[in-house]
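Note sheet for the following structure.
Derivation of every value follows stated rules applied to the coordinates shown; laboratory data play no part. Treat the numbers as computed from the prediction; the structure is a model and nothing was measured. Here the Cβ is made from the backbone with ideal geometry for all residues, glycine too, and neighbour counts use every protein chain on show.
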């Protein structure tokens, strides 16, 4: 199972995981992932920082929760912690550029 969580409590929302699962069905660009927590079937956990993930994730630049889960046996859950502020800034910038280009044409 995979869960998306905000990397900052103040940005967390009860529908956050549902919303992100609709936007990012499998993969998340690594620049938006601040950490990944792997929860094993025995209840133990391992948290990987963004820097550690860069060493694990191939050159695709995305984090795929299914591939992360396969790296370790007996994985119960994978939680991805998303940098909401960076995501917001990126969406705003891309939207502004798109609308500017749309207006200009």
* May I ask you to compute the full-extension gain from residue 95 to residue 56, defined as 0.36 nm times their residue separation minus their alpha-carbon distance, rounded to one decimal in nm? => 10.9 nm
* **Computed label-point distance, nm, for sites residue 9 and residue 77 using a 7 Å Cα→Cβ extension** => 1.8 nm
